[in-house]
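What follows is calculated from the coordinates using simple rules that are stated; it is not laboratory data. No experiment lies behind these values; they were computed from the predicted model shown. Heads up, the Cβs are rebuilt from the backbone with ideal geometry, glycines too, and the neighbour counts pull from every protein chain shown.
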Amino acid sequence: MQRRHRLTGDKRFASIHREGRSWANRHLVLKASPNETDASRFGFSTSRRVGNAVIRNRVKRRLREVIRSSQVKPGWDILVMGRTPAGMADFHQLRDALQNLLQRADLLDAGSPLEPASCRASEPIMRDLT
């Protein structure tokens, strides 16, 4: 993720917690607050209840990939927090959970696909096995 799309600093995280609007589902909590820039910035947080360091970092990597492949409206600071079941979820479950929250928060661009082209089930994968 490019530096300009990263949320850093405890003050901004606290500000989003305090002033931002919140949406939640079984796996994730999303908090969003408008910012003064032309780009959206993202922060990811997981507590120890999600799992050990390996699992927490895996969840954050997967969430970053979902954000990278989604087209989020510019001008927002978005904080994504993993809940305890996120540690046991696979990539597709986390993708669906985050896409659901982004839709409910109306943060997806109108032309944004709900899933990356590489994950679409309607397109069969043809392999040459010879």
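Remark: the stretch 21-33, residue by residue, has Karplus-estimated 3J(HN,Hα) of 8, 10, 9, 9, 9, 4, 9, 9, 10, 10, 10, 9, 9 Hz, where x stands for each Gly or Pro and the curve is 6.51 cos²θ - 1.76 cosθ + 1.60 at θ = phi - 60°. May I ask which residue of Ala39, Val59, Ala97 lies farthest towards the positive end of the charge dipole of the stretch 9-106, with charges of +1 (Lys, Arg) and -1 (Asp, Glu) on Cβ and the Cα centre as origin? Sorting the options by dipole projection puts first Val59.
Here the stretch 9-106 is treated with +1 on each Lys and Arg Cβ and -1 on each Asp and Glu Cβ, and its dipole about the Cα centre works out to around 400 debye. Label positions at Asp38 and Asn25, each projected 7 Å from the Cα along the C-beta direction, are separated by 3.2 nm.
Within the shell of other residues whose beta carbon sits under 10 angstrom from the beta carbon of Arg4, the net charge comes to +2, with Lys and Arg scored +1 and Asp and Glu -1. Neighbours of Ala105 by Cβ distance under 11 Å: Lys/Arg scored +1, Asp/Glu scored -1, total +3.
Scaled against the 2.2 N^0.38 Å expected of a compact globular protein of N residues, the Cα radius of gyration of the stretch 9-106 reads 1.01. Estimated at 0.36 nm per residue, the fully extended path between Gln93 and His5 surpasses their Cα-Cα distance by 29.3 nm.
Taking the Cα centre of the stretch 1-61 as reference, the dipole from Cβ charges on Lys and Arg (+1) and Asp and Glu (-1) amounts to some 340 debye. In sequence order, the stretch 7-15 has phi-based couplings of 9, 10, x, 4, 5, 5, 4, 5, 5 Hz under the Karplus curve 6.51 cos²θ - 1.76 cosθ + 1.60, θ = phi - 60°, and Gly or Pro positions carry x. Each Lys or Arg adds one and each Asp or Glu subtracts one; over the other residues with Cβ under 10 Å from the Cβ of Arg83, this totals +2.
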